[in-house]
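**Q** So that we are looking at the same thing, I have put the structure below in C-alpha cells.
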Amino acid sequence: MAAVTSVGETPAPAAAARPRGMHANRKRRLNAYRYVVFTIFGLFFLLPMLAMLRFSLEGAKLGTWSGAAWKQIASYQGEGVPPLLSSIEITMELAVITSVVTLVLLVPTMIWVRLRVQWLARTMEFLSLLPLTIPAIVLVVGLGSIYNRIQHYSLSALMLSWVYVILAMPYAYRALSAGLNAIDVTTLSEAARSLGGSWFTVMLRVIVPNMRQAILNALLLTCSLVLGEFTIAFLLLYNNLSVELYSISRNTPNAGVIFSTSTAALLFAFLLLLILSYAGRRRRGRG
Amino acid sequence: MTAAPLTRTARAAVEVRLEGLSRHYGPVVALDHLDLTLAPGELIALLGPSGCGKTTTLRLLAGLEDADTGHITVGGRDITHVSAAKRDMGMVFQAYSLFPHMTVRQNVAFGLRLRKVNAAQRDKRALEMLDLVGLSVQADRYPHQLSGGQQQRVALARALAIEPQVLLLDEPLSALDAKVRAQLRDEIRRIQLEVGITTLFVTHDQEEALAIADRVGVMRDGRLEQLAPPTEVYSRPATSFVAEFVGLSNRLDGEVKGGEVTVRGITLPLVERDVPDGRAVALIRPEAVGLASDAAAESGPLTGTVIAVTFLGATSRVTVDLGDTRVLAQLPTSDATTLTAGGRVTLTIRRDPVLVSAASEPAVGEEA
Ligand SMILES: Nc1ncnc2c1ncn2[C@@H]1O[C@H](COP(=O)(O)OP(=O)(O)O)[C@@H](O)[C@H]1O
Ligand SMILES: [Mg+2]
C-alpha cells in the first residue's frame, strides 16, 4: 500500500510549477494509475486466497458447499503420517521458541553493538544477511551432518528451532535495526547512565520500551516465517505443518482438510498481524 | 537521600578539580592537559569554537569517556575511575534526551526510582523540581507534546532531581530559537543560584557565556586560553584569539613601537608590552570607536562614509567605510540618530589598551 501511495505522490512537487490545468490532468492520471496498480495487485493476492477458501468449503460432490473440511482439522489422521493436530502443535511451539530465542539473542546484542562496539555494526549486519543469500539446499547439506549426529538422541521436531533462528535473523535484524535507528540510542543511554542506571537498566528500562514496535515487527516476521517453512523441515525429515500438509496431499489428492488447514494458518497469521499492529499503535497513541 | 526531607537547596556545594586531563581520538587531540578548578557553587562557562574540546571536557567529567591522562576530583574525592552511573552528576544534553515512553513526571523521577526512593517521596520531589522549572502543569504529558524549550527545562529538572554534586550542561540552548534561548538562559542561572550547585556550562555562544557565568573559560584546540570573570575576558582578553572570539573586533593595520601601537595616526597603549616592533593588526572593540557627523570633513585616515546603521535597542551599530577598510562602531542610540547611510563622519578611537595579532593571522569567530 505504501509503495502504491508513493508512486502516486512522488512526482507531484515537480508538477507544481506547471500550469494549473496540466497539473490537475496529470494528478488525475496518476490517481487512475494508482487505482489500477492497486486493483491488479489486490486481485493477484486475493484470488488465490479466495480460491483456497472455496476449496476448503467444497462438499463431497463437486460444486456443493460443506463445512466438513474445517471440522476435520482437529481430528484428521492421514495414512502413514502423524495426526494433523500434532504437527499444528509442533509448528506453533516452533514459532514461539524461535521468536523468543531470536529476540533474546538479537535485542541485547544489537543494543550493545550500537552502544559500545560501533565498529562491529557492519560485520554484524553482513552476518545477519548471510542466511538470505545461502540457498536452503546448501544450508541443509551443512546442517544435515549436525542433525544426523544429534538425531541419535531422538529429539523432536522442536530441534528445528535452531535452524529457524538462523533463517529468521535477516528479517528480525532489519526490523530491530529500523527501531534502533528511530531513537537516539546514544543520548538516551547516556542520560540514563548519568542518572545512575546500570547498563542492564539502560537496556531494559530505557531502550527496549522505545523499541516496542520494532520488537513486535520482528516477532511477527519470525512467526510468519516459521508458520510457513517447508524446505528445511522436509529435507531434514522433520514433520512440521507444511510438511504434513504436503504428505497428506500426496496420499489423498484433493483432501479438503489441506485447504481448510492452510486457510486457517493464513487467517491465524492475519490475526497475529492485526493484534501486533494494534498493540503497537495503542502505545503510540497514548505515548 | 531517602530519609531526609528533600529540599530545593542541595547539599553543600563541592569543589571540582580537573588536573592535566588529556584525551585523543586517533590522531585528533581533543583535550590537551587541561587544568580547571571550579569553586564550590561556581558556574563556569566553557566557550570556544566547534571542535575545541568543550564537549570532551564535559564527557570526561561525567564519566561518559575515559581520560588518557589526568585526574578528576570532586569534593576532594578522586573519581577518575568511577563509572558514569556512580558519579552523581546531573547532565543536560544538547540533543533532546527525555525518555519518550515516560511522562514528564516519570522522566524527572527516573533517577530517584533507580535510587530506590519510595513512590510518594519521588513523586513529591519530581513535582517540586517541575515547579522549580515552571512546568508542574505539564507533569503528565509526554515529551513529544512539549516544545523544545520545555523539554530542556524538564531535562534540567530531571538532572537536578537526584541532587547531584555537579551540574553539567552541554549547549542546552543551542537547539532553541533566540527568544526562548535568552529566557531559559536566565532561568538556568536563577535555578543554579537557588540550588547553589557547582556547574559547568558549555557553549559556543559568547553572549550566552558572558551572561550566565561566574567565570568564562575560553578554549582553543583542547586548551584553555583564558579563564576569568566575563568582564575581564571581554575587556582584557589574554590573547588575540580570545579578543576575536569574544565579542566583535575591528582589525586595523598598525605599527608597533616601544610598547605602543599607532593606528591611522592614533597611538594606543598595548595590553602586552613585550610585542616586538613592526607591522601588526590591532584589535579594536566597536565600543571604543566614536563617530562625529561632519559633512565638510576632508578626506584623511580618520574620515569615512557611513554604509549602514543597525538599531540594536539602546545601542546602534554603525558600519563606516574608510576607503581602504571598514570599521564597526557601537554607539548609544541617542548619539547615532544624526548618522545616516551615505553621510560623512570622522572617527575617534578611545585610548583603551589593545591587543595586536600578527599581520598574517586569519580572523576567527566571525560574527554576524
Ligand atoms: N567520539 C569521537 N570520535 C572521534 N573524534 C572525536 C570524538 N569526539 C570528539 N572528537 C573530536 O575531538 C575534538 C573535540 O570535540 P568536542 O569536544 O566534541 O568539541 P566541541 O564540543 O568543543 O565542539 C573534535 O576535533 C572532534 O572531532
Ligand atoms: Mg560540543
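The values are calculated or read from the model by the stated rules, or taken from the named source; none is laboratory data. Since this is a predicted model, take the numbers as computed values, not measurements. Counting neighbours? That spans all protein chains shown, and the Cβs are built from the backbone with ideal geometry, glycine included. Side chains are part of the model used for accessible areas, which takes the heavy atoms of the whole protein and leaves out ligands, DNA and RNA. Shrake-Rupley method; radii C 1.70, N 1.55, O 1.52, S 1.80 Å.
**Q** Of all residues in region B:48-59 being more than 11 Å from every other protein chain (Cβ to nearest Cβ) and more than 6 Å from ligand 1 (Cβ to nearest atom), which is farthest from B:V246 (Cα to Cα)?
**A** The residue in question is B:T57.
**Q** Can you name every residue in region A:73-117 that is farther than 25 Å from A:L219 by Cβ, within 27 Å of the chain's Cα centre (by Cα) and open to solvent by 50 Å² or more (accessible area, probe 1.4 Å)?
**A** A:A74, A:P82, A:P83
**Q** Here is a further query. For the subset of region B:258-315 comprising residues that are among the β-branched types (V, I, T) and modelled with pLDDT under 85, which member is farthest from the chain's Cα centre (by Cα)?
**A** Here the residue is B:V275.
**Q** Let me ask something else about it. Just give me the residues in region A:57-72 being without any contact (Cβ under 8 Å) to a residue 40 or more places away in the chain, outside any loop (DSSP other than H, G, I, E, B) and surrounded by 10 or more Cβ atoms within 10 Å (Cβ to Cβ), in sequence order.
**A** A:K71
**Q** Is it fair to say A:S194 is in contact with a strand residue (DSSP E or B) (Cβ under 7 Å, 6 or more places away or on another chain) and within 30 Å of B:L156 (Cβ to Cβ)?
**A** Yes.
**Q** If you check B:L227 against the conditions, is it outside any helix (DSSP H, G or I), away from ligand 2 (no atom under 16 Å from the Cβ) and among the aliphatic types (A, V, I, L, M)?
**A** yes
**Q** Being out of contact with any Lys or Arg (no Cβ under 7 Å at 6 or more places or on another chain), more than 7 Å from every other protein chain (Cβ to nearest Cβ) and open to solvent by less than 50 Å² (accessible area, probe 1.4 Å) is the filter here, so list the residues in region A:184-218 that pass it.
**A** Result: A:S189, A:A192, A:M203, A:I207, A:V208, A:M211, A:A214, A:I215, A:L216, A:A218.
**Q** Test of understanding: among B:A109, B:A62, B:A84, which residue is closer than 25 Å to B:G217 by Cα, within 11 Å of chain A (Cβ to nearest Cβ) and more than 16 Å from ligand 2 (Cβ to nearest atom)?
**A** After ruling out the rest, the residue left standing is B:A84.
**Q** Could you tell me whether region B:146-156 includes any residue that is away from ligand 1 (no atom under 16 Å from the Cβ), open to solvent by 40 Å² or more (accessible area, probe 1.4 Å) and in contact (Cβ under 8 Å) with a residue 40 or more places away in the chain?
**A** no
**Q** Limited to region B:194-207, what total is found for residues that are more than 14 Å from ligand 1 (Cβ to nearest atom) and either free of Cβ contacts under 8 Å to residues at least 60 places away in the same chain or under 19 Å from B:K54 (Cβ atoms) (or both)?
**A** Number satisfying all stated conditions: 3.
**Q** Right, next: Name every residue in region B:31-47 that is within 12 Å of ligand 1 (Cβ to nearest atom) and either among the aromatic types (F, W, Y) or more than 19 Å from the chain's Cα centre (by Cα) (or both), in order of residue number.
**A** B:D32
**Q** Could I ask something else about it? What residue, of A:I88, A:I166, A:I97, is farther than 22 Å from A:A214 by Cβ, more than 14 Å from chain B (Cβ to nearest Cβ) and touching a helix residue (DSSP H, G or I) at 6+ places or on another chain (Cβ under 9 Å)? Give the derivation first.
**A** Details: A:I166 fails: farther than 22 Å from A:A214 by Cβ; A:I97 fails: farther than 22 Å from A:A214 by Cβ.
Answer to the selection: A:I88.
**Q** Looking at B:D221, B:D177, B:D131 in this structure, which one is surrounded by fewer than 20 Cβ atoms within 10 Å (Cβ to Cβ), of a type outside the set (F, W, Y), within 16 Å of ligand 1 (Cβ to nearest atom) and at pLDDT below 95?
**A** B:D221
Yes/no per residue for (1) at pLDDT 95 or above; (2) of a type in the set (A, V, I, L, M); (3) within 16 Å of ligand 2 (Cβ to nearest atom):
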residue: B:L184; (1), (2), (3): no, yes, no
residue: B:I188; (1), (2), (3): no, yes, no
residue: B:I191; (1), (2), (3): no, yes, no
residue: B:G196; (1), (2), (3): no, no, no
residue: B:F201; (1), (2), (3): yes, no, yes
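Conditions (1) more than 16 Å from ligand 1 (Cβ to nearest atom); (2) under 24 Å from the mean Cα position of the chain (by Cα); (3) open to solvent by 30 Å² or more (accessible area, probe 1.4 Å), marked per residue:
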{"position": "B:D66", "(1), (2), (3)": "no, no, yes"}
{"position": "B:G70", "(1), (2), (3)": "no, no, no"}
{"position": "B:T73", "(1), (2), (3)": "yes, yes, no"}
{"position": "B:G76", "(1), (2), (3)": "yes, no, yes"}
{"position": "B:I79", "(1), (2), (3)": "yes, no, no"}
{"position": "B:A84", "(1), (2), (3)": "no, no, no"}
{"position": "B:M91", "(1), (2), (3)": "no, yes, no"}
{"position": "B:A95", "(1), (2), (3)": "no, yes, yes"}
{"position": "B:F99", "(1), (2), (3)": "yes, no, no"}
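**Q** Could you run through region B:26-51 and say how many residues are within 16 Å of ligand 2 (Cβ to nearest atom), surrounded by fewer than 23 Cβ atoms within 10 Å (Cβ to Cβ) and assigned to a loop (DSSP other than H, G, I, E, B)?
**A** So the answer is 3.
**Q** Among residues belonging to region A:224-236 that are within 18 Å of A:L84 (Cβ to Cβ) and not β-branched (V, I, T), point out the one that is least open to solvent (accessible area, probe 1.4 Å).
**A** Among them, the one singled out is A:A233.
**Q** Determine the pairs where a residue that is under 21 Å from B:A12 (Cα atoms), located within region B:38-65, has a partner that is within 10 Å of ligand 2 (Cβ to nearest atom) and assigned to a helix (DSSP H, G or I) with Cβ atoms under 7 Å apart, the partner being 6 or more residues away or on another chain.
**A** none
**Q** While we're looking at this one, here's another question. Could you tell me whether region B:306-320 includes any residue that is surrounded by 13 or more Cβ atoms within 10 Å (Cβ to Cβ) and in contact (Cβ under 8 Å) with a residue 60 or more places away in the chain?
**A** No, region B:306-320 contains no residue that is surrounded by 13 or more Cβ atoms within 10 Å (Cβ to Cβ) and in contact (Cβ under 8 Å) with a residue 60 or more places away in the chain.
**Q** Continuing with this model, one more query. If B:L167 satisfies all but one of (1) within 12 Å of another protein chain (Cβ to nearest Cβ); (2) in contact with a Gly (Cβ under 8 Å, 6 or more places away or on another chain); (3) part of a helix (DSSP H, G or I), what's the number of the condition it fails?
**A** (3)
**Q** Of all strands (runs of 3 or more DSSP E) completely enclosed by region B:268-352, which ones contain at least 3 residues that are among the aliphatic types (A, V, I, L, M)?
**A** Output list reads B:278-284, B:289-293, B:303-311, B:326-332, B:344-349.
**Q** Cβ-Cβ under 7 Å, sequence separation 6+ or interchain: first residue in region B:284-302 and charged (D, E, K, R), partner outside any strand (DSSP E or B). Which pairs?
**A** B:R285/B:G247; B:R285/B:S249
**Q** With respect to B:V137, determine if the residue is within 23 Å of B:V16 (Cα to Cα) and not acidic (D, E). Explain how you work it out, then say what you get.
**A** Details: within 23 Å of B:V16 (Cα to Cα): no; not acidic (D, E): yes.
Here the answer is no, as B:V137 does not meet what is asked.
**Q** Then there is this: All but one of (1) within 15 Å of B:L173 (Cα to Cα); (2) in a strand (DSSP E or B) hold for B:L210; state the number of the condition that does not hold.
**A** So the condition that B:L210 fails would be (2).
**Q** Any residue at all in region B:117-136 that is free of Cβ contacts under 8 Å to residues at least 12 places away in the same chain and within 13 Å of chain A (Cβ to nearest Cβ)?
**A** no
**Q** Go through region B:321-342 and give me each residue that's of a type in the set (G, A, S) and buried (at least 17 other Cβ atoms within 10 Å of the Cβ).
**A** Correct list: B:A329, B:A336.
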